[in-house]
Amino acid sequence: MNRQDKRSRHLAAISLAIMGVGFLASIPFQESIIGKLLMGGFEAGLVGGLADWFAVTALFRHPMGIPIPHTALLPKNRDKVTQALINMLENDWLTKESIMDKFKQIHILDKIFETVEKELHSESVKKNIQSFSLEIANKVDVEKFAPSIEKEIKDFLFTADVSVLLQKASNHVLTKQYDEAAFNYVLDETEKWASKEEAKMVLGKLGKQAIETTQADGLLKFAIQSFSNMITEEKIGNMLQSFILKRMNNLKQSDNRYRHMILEKVRKELVSIDEREALMSEIQSWKNKMVEELEISNQIKEALLKFKERAISFIEKESFVDDHVIPVVNKFIDEIKNDPQKVAGIEKWLHTKIAGLIERNHSKIGKLVRENLDKLDTETLIDMMENNIGKDLQWIRVNGAVCGFLIGIGLTIFKLLIM
């Protein structure tokens, strides 16, 4: 009990004592008019003070410990008082409708954005964001992800249609004219090889062997043998080298008909490559076999570990939150703020969710009040109530004594007048 409550209680006791002492002190002087007036006033004040003391005390306990009927009203009716308090809170003060109406007046999204924008720049929040991000990065177990990623890659490769991929590739080759570039590359490389001395020797040796191993009879055989004896590997190499270089040079010419024939054949094959079922089936089987034998779990694990290390180093930078997190959050908030429809939609969603929470949990207000009251024994509860409203109750006693004193004087005057 605070000092002011103690003063009010003492004041009530003092007022009652004054009335009692005044009544006793005025008895010897009751023959005089003033004595009668004072005696009547103090008597009525004493009666009024005692009656109010009895009434106030009877609310909380039995007066003087005597179990008088209809006293100690609050302890006897604790359940009724608790239920009345709960009903008052749920049905009068904190109704579902009043709570919902109050929330409808609040722009929840604005409050959220205001809080986020304010707290986001505080050092404690920055440190928490950085610590949380580091904790997540460190807890990532790349060894668990590697097999799953490998499986996803293999599943994708298994389901990939080779014909579609090859057709797209061939269309790209034709669009970019890579076929002609590849043909020129083959011609250039062939020309480079054929121009070498080593190539001439190889060509001569192969040509000589071809002549000597040619099967023939009669005059043709004699002619071939005579030609073979007359010509050397060097001469054959020179002839073949010259022939190849000349043909390569001719095929490089844009107006060469053989060049056009070769390129036309290549392009025709590229256009219809997906129609060659046997080839597609063979490539598909080869692809599936390659995928089955593919082992990339370790490579994926190493790549993930490197990525994890880079991510941790990136997050550990002092400017991580300022340079990367805050701009992203601010951009996200600005995008929502600049879209009235999105703001209205989110606000509606928030109010709907809050209304649902209120609808589902409104009865818990009463349960919470009852649980907290049930934790207190009756004596403690009564003491709390008496202390919280005791000041006003004590003034009732004071007022009872003062009003009784005044009424007593008035009644004494009335009696003197009529007697």
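The values are calculated or read from the model by the stated rules, or taken from the named source; none is laboratory data. Quick caveat, the model's predicted, so the values are computed rather than measured. Cβ sites come from the backbone with ideal geometry, for glycine too, and all protein chains shown count toward neighbours. Calculation scope for accessible area: heavy atoms of the full protein, side chains included, ligands and nucleic acids excluded. Shrake-Rupley method; radii C 1.70, N 1.55, O 1.52, S 1.80 Å.
Points to keep in mind about this one:
- Checked across segment 285-293, the condition of being open to solvent by 40 Å² or more (accessible area, probe 1.4 Å), of a type in the set (Gly, Ala, Ser), under 30 Å from residue 152 (Cα atoms) and at pLDDT below 90 holds for at least one residue.
- The set of residues from segment 135-166 being touching a residue at least 24 places away in the same chain (Cβ under 8 Å), of a type in the set (Val, Ile, Thr) and out of contact with any Leu (no Cβ under 9 Å at 6 or more places or on another chain) comprises 162, 164.
- All positions within segment 240-259 that are under 12 Å from residue 194 (Cβ atoms) and either open to solvent by 90 Å² or more (accessible area, probe 1.4 Å) or at pLDDT below 85 (or both): 240, 241, 243, 246, 247
Residue-wise test of (1) at pLDDT 75 or above; (2) surrounded by 12 or more Cβ atoms within 10 Å (Cβ to Cβ); (3) farther than 21 Å from residue 403 by Cα.
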residue	(1), (2), (3)
1	no, yes, yes
13	no, yes, no
18	yes, yes, no
86	no, yes, yes
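- Helices (runs of 4 or more DSSP H) contained entirely in segment 110-224, each with at least 3 residues that are over 60 Å from the mean Cα position of the chain (by Cα) and modelled with pLDDT of 85 or more: 178-194, 197-212
- Residues of segment 103-123 classified as within 30 Å of residue 359 (Cα to Cα), open to solvent by 50 Å² or more (accessible area, probe 1.4 Å) and touching a residue at least 40 places away in the same chain (Cβ under 8 Å), total: 4
- Residue 370 satisfies every condition listed in (1) modelled with pLDDT of 85 or more; (2) more than 23 Å from the chain's Cα centre (by Cα); (3) among the basic types (Lys, Arg); (4) open to solvent by less than 100 Å² (accessible area, probe 1.4 Å) except (1).
- For segment 260-280, filtered to residues that are of a type in the set (Lys, Arg) and touching an Asp or Glu at 6+ places or on another chain (Cβ under 9 Å), the residue that is least open to solvent (accessible area, probe 1.4 Å) is 267.
- In the set 314, 320, only one residue is surrounded by 10 or more Cβ atoms within 10 Å (Cβ to Cβ), among the aromatic types (Phe, Trp, Tyr), within 23 Å of residue 137 (Cα to Cα) and touching a residue at least 12 places away in the same chain (Cβ under 8 Å); that residue is 320.
- If you go through segment 96-109 and pick out every residue that is outside any helix (DSSP H, G or I) and either of a type in the set (A, V, I, L, M, F, W, C) or at pLDDT 80 or above (or both), you end up with 2.
- Helices (runs of 4 or more DSSP H) wholly inside segment 266-375 containing at least 1 residues that are over 30 Å from residue 169 (Cβ atoms): 297-316, 326-337, 340-361, 363-374
- Subset of segment 194-203 (residues that are within 19 Å of residue 246 (Cβ to Cβ) and surrounded by fewer than 12 Cβ atoms within 10 Å (Cβ to Cβ)): 196, 197
- Condition met for residue 337 (surrounded by 12 or more Cβ atoms within 10 Å (Cβ to Cβ) and out of contact with any strand residue (DSSP E or B) (no Cβ under 8 Å at 6 or more places or on another chain)): yes
- Hits in segment 130-187 - residues which are open to solvent by 60 Å² or more (accessible area, probe 1.4 Å), closer than 22 Å to residue 276 by Cα, out of contact with any helix residue (DSSP H, G or I) (no Cβ under 7 Å at 6 or more places or on another chain) and of a type in the set (A, V, I, L, M, F, W, C): 164, 165
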